[in-house]
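K.L.:
Supplied in structure tokens, the structure appears directly below.
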Amino acid sequence: MSDTFSYLLMAWLDPQLLLLTAVGTLAGIYVGAIPGLSVTMAASILISFTFSWDINNALALMVGIYVGGVYGGSRTAILLNIPGAPSAVTTAFDGYPLAQRGEAGRAIGLSTVMSVIGGLLGTLVLAGTAPYLADMALEFAPRDYFLIAVLGLLLVSTLSGKSLARGIFSVALGGIIGLVGMDMVTAQPRLTMGSMALMGGIHYVVVMIGLFGAAEAFYQLHNLNRVPVKQKVDKIIPPLKMVLKYLPLSVRTSIIGVVVGALPGTGGDIASLFAYDHAKRTVKNPSSPFGEGAYEGLVAPETANNAAVGGAYVPMLTLGMPGDAVTAVIIGALVIHGLNPGPMLMIETPHIFWFTVGNLALANLFLLLFGLTGIKVFSKVVEVPKALMIPLILVLCVVGTYSINSNMMEVYWMLGFGILGYWLKVFGFQMGPIILGVILGPLLDETYRQAMSSVGDDTGQFLLALVANPLSLVLTLVIVLVLLSQTPLKPWVKRRLSRQ
Amino acid sequence: MFKPILAPLALAVGSLALAGTAQAEYPERNIQATIQWGAGGATDNVARSLTPHVEDILDTTLVLTNRAGGTGVIGMNHVMRQRPDGYNLLYGAENPLLYPLMGLADFTYDDMHTVNIIGQGLVVIAAPADSPYDNFSELLEHAQENPGELRMGGTGAGGLPSTVYAMINAVDELDVRTVTFGGDGPGITAMLGGHIDFMPLSLAAAGEQIRGGEMKGLAVLTTEEIDSLPEVPPITEALPDIESFLPWGPFWGVFVHEDTPDEAKATLESAYEEAVGREEFQEFLQNFGAEALNLNGEEAEQYLDNWQSVTAWAMYEADAGILEATPEELGIPRP
């Protein structure tokens, strides 16, 4: 027991580890804030960089980068309507309207506190229930992932704003973009029009930077002469009363985050979508309507995506299986440092588990510190004249896109999506559903085919499996209920019932 | 109006630079190294643990970039299109040897110069811990009595499981449902949950799970038992005829443009030979479930030719339908 404590506090007491965690967190915030610079990329560069270091030092730096990076994506989402990472897409829905109201400081402050709450809750779940949560995550068969993806498709009603028809069109468009590339089973080129450059598919971050970054920059050209909103910078740290008010919601969305994060096939991006949807369904009287600057719309995704970090560590530390792309890179780092990430990791080297738990908690405290300082300067970004801001955003979009795969072709794609996104915006389409489609399209394709081939390509067996297993049955029932509550069926059923 | 002034200037600068390269010893600046697969994968891990040793020997910096996509086509295509000056390396895996066969691209490693074949991963056929089969013979027997019933994890056409499946079918008969995953990792996750019955995996990915008792090794793809997995029988116990295809496994190598100056080729070859031979890296490979090969020159060419002929013909004999061209049409000799 005393051993556990000393491992837990290792990062807190060793000045070197303390410093590395702090540096990592600070660097992560900025890496996360720039669209295209991803935490995965930063972590993999750190592998060669920290090659000769002590393993604990390397891990401390990576934990910091990870925690800071997931949070950093929300900064640009709030200030510029450009999410720095896919998991911050929903943060922009209510964060940007808040900034346009002059409440950028308040929005960043709230998102910081909520990220820390989510992060700490995620760490707590990791510490307390990791082995059980990992066993539960393994129970998810391909058909269950398929059902989760179908459930994800139903989020379209939450994300499509005023016109559901446009939303459905956008999801379909996103799905098709997501399917470009080599077929995963037969290796046949799909929708590539014979181009070698498309064999690898279109990276979804490229689509995201184009649709959110470049398209937003183009769209802002309409408002060149609008005087920027003067930012209120006095009330930045949210009062305790406000934090307490949103505590029940943040606990619920953190649980969504940690569970979705622990599933090896899904991560913070899908978690934040589900959390936003959950908030929109359950909060009856938001501070403003959702999509127009509701604090609740900020609380939900920010808690969920940071809680997903703790979740992603669950299968990694207990089974040696990555929960997402970043933990996959960290597994690589462990191998290179001579450790054996696998089911024996927790038995042979228990200090790695408790060290990581303690380090995650520490990184979240640094996040609170760094997140709440410098907001005044940051919120002035909104007041920068458009003539300076728009070119700067475009430069960042190009640099960010190029850095994903060092591929100039992807920069052209990004610009193409920027132009497409501009016209879609002009005609009242939302960008969220397109990203939803890009994320879910390949997941649906993959999991449907896995589920079908598992039962010998027999549709009857497939449908039977959806209700014959407890877990699948629960998911199927949720889908049916959501469908009933969203479609005209519900009023119809109600009328019939009241008549009797 | 600037043209007349600029053109000679550019020429002068250019010839200066050329003269510089001719005199200075290679390498005089940073080397760009492209990794054909994504961050965190096996090729990435091998490249990132080997590179610091090479940097140390060459006394220069290797800038590593992951250019994943299209089974490695994108990364390889990039390096082949760079200037052949020895400053662009490719860290690649086995896949390019099958590109023409699968119709993915019309080039292979024959179109590049091999600096070093670093090592080869061992392959193990794994099953969930509570599987009713203790070795591959038992599984084979059950599968033959109930064709098309067992679920095998795969990673798509041309992936490691499909090649092993092809080899087995070239010498015996195995009819199963193939469930395709995005890689070894997702496949293992599905196996731990009992959603598939077996899967051929690289030892690098599966070794820890087997030693930890979460999975069971049914056979290793070798002719003899291996030290790191005692008690797991070699596949030749169940299928003696498969020996003609062995040794076989996924491998990793370093390549440069074919037209690279001989001096640079030689410098790189000796640097990589020394780096791979270093004790620290050898330990990494062993820990990683791989065996060191450290081949260059003639030996490396032979290794590549043999690998290509074994794999291509095994795939052809098992199911010619999935191939875009026959090995014969491509001039690949029978093993």
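K.L.:
Would you point out which residue out of A:R75, A:R101, A:R106 is of a type in the set (K, R) and touching a Lys or Arg at 6+ places or on another chain (Cβ under 7 Å)?
P.N.:
It is A:R106.
K.L.:
Under 6 Å between Cβ atoms, at least 6 apart or on separate chains: pull out the pairs that start in segment B:76-89 with a residue that is free of Cβ contacts under 8 Å to residues at least 60 places away in the same chain and end on any residue that is surrounded by fewer than 16 Cβ atoms within 10 Å (Cβ to Cβ) and not small (G, A, S).
P.N.:
From residues that are free of Cβ contacts under 8 Å to residues at least 60 places away in the same chain, there are no pairs.
K.L.:
Within the group A:T90, A:T129, A:T192, which residue is β-branched (V, I, T), at pLDDT 90 or above and over 21 Å from the mean Cα position of the chain (by Cα)?
P.N.:
A:T129
K.L.:
For segment A:307-329, give me the residue count where each residue is at the interface with another protein chain (Cβ under 8 Å from one of its Cβ atoms), surrounded by 24 or more Cβ atoms within 10 Å (Cβ to Cβ) and at negative phi.
P.N.:
Residues meeting the conditions: 6.
K.L.:
Mind counting the residues in segment A:282-312 that are free of Cβ contacts under 8 Å to residues at least 40 places away in the same chain and outside any helix (DSSP H, G or I)?
P.N.:
Residues that pass the stated criteria total 6.
K.L.:
If a residue counts only when it is touching a residue at least 12 places away in the same chain (Cβ under 8 Å), within 14 Å of another protein chain (Cβ to nearest Cβ) and more than 16 Å from the chain's Cα centre (by Cα), which helices (runs of 4 or more DSSP H) contained entirely in segment A:1-86 have at least 3 such residues?
P.N.:
Result: A:39-49, A:55-80.
K.L.:
Being aliphatic (A, V, I, L, M), at pLDDT 90 or above and surrounded by fewer than 24 Cβ atoms within 10 Å (Cβ to Cβ) narrows it down to one of B:L50, B:L64, B:L58, so name that one.
P.N.:
That would be B:L58, the only listed residue that is aliphatic (A, V, I, L, M), at pLDDT 90 or above and surrounded by fewer than 24 Cβ atoms within 10 Å (Cβ to Cβ).
K.L.:
May I pose another question? Taking segment B:134-160, which residues are in contact with a Phe, Trp or Tyr (Cβ under 8 Å, 6 or more places away or on another chain) and in a loop (DSSP other than H, G, I, E, B)?
P.N.:
Within segment B:134-160, B:L150, B:T155 meet the criteria.
K.L.:
Could you please tell me which pairs satisfy a Cβ distance under 7 Å, a separation of 6+ or placement on different chains, a first residue in segment B:291-309 that is closer than 17 Å to B:E273 by Cα, and a second residue that is surrounded by fewer than 16 Cβ atoms within 10 Å (Cβ to Cβ)?
P.N.:
Hits for this filter: B:A292/B:Q282; B:N294/B:G277.
K.L.:
Is it the case that segment A:340-354 has a residue that's at pLDDT 90 or above, in a helix (DSSP H, G or I), surrounded by 15 or more Cβ atoms within 10 Å (Cβ to Cβ) and more than 14 Å from every other protein chain (Cβ to nearest Cβ)?
P.N.:
yes
K.L.:
How about segment A:186-200: which of its residues are in contact with a Gly (Cβ under 6 Å, 6 or more places away or on another chain) and farther than 17 Å from A:M414 by Cα?
P.N.:
Correct list: A:A187 only.
K.L.:
So B:A68 ticks every box in (1) touching a Phe, Trp or Tyr at 6+ places or on another chain (Cβ under 6 Å); (2) within 24 Å of A:V185 (Cβ to Cβ); (3) in a helix (DSSP H, G or I) but one. Which box is left unticked?
P.N.:
(3)
K.L.:
Return yes when B:T311 is touching a Ser or Thr at 6+ places or on another chain (Cβ under 6 Å), outside any loop (DSSP other than H, G, I, E, B) and either among the polar types (S, T, N, Q) or crowded, with 22+ Cβ neighbours inside 10 Å (or both) and no when it is not.
P.N.:
yes
K.L.:
Having 3 or more residues that are more than 14 Å from chain A (Cβ to nearest Cβ) is the bar; report the strands (runs of 3 or more DSSP E) wholly within segment B:174-255 that clear it.
P.N.:
Answer list for segment B:174-255: B:215-220.
K.L.:
Let me ask something else. For the structure I just gave you, tell me whether B:G331 is under 25 Å from B:V220 (Cα atoms) and part of a loop (DSSP other than H, G, I, E, B).
P.N.:
It is false that B:G331 is under 25 Å from B:V220 (Cα atoms) and part of a loop (DSSP other than H, G, I, E, B).
K.L.:
With respect to the numbered conditions (1) under 20 Å from A:M321 (Cα atoms); (2) surrounded by fewer than 23 Cβ atoms within 10 Å (Cβ to Cβ); (3) not acidic (D, E), which one is the sole condition not fulfilled by A:K162?
P.N.:
Among (1) under 20 Å from A:M321 (Cα atoms); (2) surrounded by fewer than 23 Cβ atoms within 10 Å (Cβ to Cβ); (3) not acidic (D, E), the lone unmet condition for A:K162 is (1).
K.L.:
With the requirement that a residue be buried (at least 22 other Cβ atoms within 10 Å of the Cβ) and modelled with pLDDT of 90 or more, what does segment A:19-47 give you?
P.N.:
A:L20, A:T21, A:G24, A:T25, A:G28, A:I29
K.L.:
Here's something else I'd like to know. Regarding segment B:147-169, can at least one residue be identified that is touching a residue at least 40 places away in the same chain (Cβ under 8 Å), surrounded by fewer than 19 Cβ atoms within 10 Å (Cβ to Cβ), more than 9 Å from every other protein chain (Cβ to nearest Cβ) and out of contact with any His (no Cβ under 8 Å at 6 or more places or on another chain)?
P.N.:
yes
K.L.:
To continue, here is another question. Return the only residue of A:K245, A:K230, A:K235 being of a type in the set (K, R) and modelled with pLDDT of 90 or more.
P.N.:
Sole residue among the options that is of a type in the set (K, R) and modelled with pLDDT of 90 or more: A:K245.
K.L.:
Between B:A105, B:A47, which is within 14 Å of another protein chain (Cβ to nearest Cβ) and either part of a loop (DSSP other than H, G, I, E, B) or in contact with a Ser or Thr (Cβ under 6 Å, 6 or more places away or on another chain) (or both)?
P.N.:
Just a single option satisfies the conditions, and that option is B:A105.
K.L.:
Among the residues of segment A:266-273, is any within 14 Å of another protein chain (Cβ to nearest Cβ), touching a residue at least 60 places away in the same chain (Cβ under 8 Å) and under 21 Å from the mean Cα position of the chain (by Cα)?
P.N.:
Looking for residues that are within 14 Å of another protein chain (Cβ to nearest Cβ), touching a residue at least 60 places away in the same chain (Cβ under 8 Å) and under 21 Å from the mean Cα position of the chain (by Cα), one finds at least one in segment A:266-273, hence yes.
K.L.:
Further question on the same structure: Which numbered condition trips up A:A304, out of (1) within 30 Å of A:L80 (Cα to Cα); (2) of a type outside the set (D, E); (3) at pLDDT below 95?
P.N.:
Going through (1) within 30 Å of A:L80 (Cα to Cα); (2) of a type outside the set (D, E); (3) at pLDDT below 95 one by one, A:A304 breaks only (3).
K.L.:
I'm checking my understanding of the structure. Among residues of segment A:211-241 that are assigned to a loop (DSSP other than H, G, I, E, B) and of a type in the set (A, V, I, L, M), which one is nearest to A:V395 (Cα to Cα)?
P.N.:
A:L224
The values are calculated or read from the model by the stated rules, or taken from the named source; none is laboratory data. Predicted, not measured: the structure shown is a model, and the values here were computed from it. When we count neighbours, we look across all protein chains shown, and the Cβ atoms used for this are built from the backbone with ideal geometry, even at glycine.
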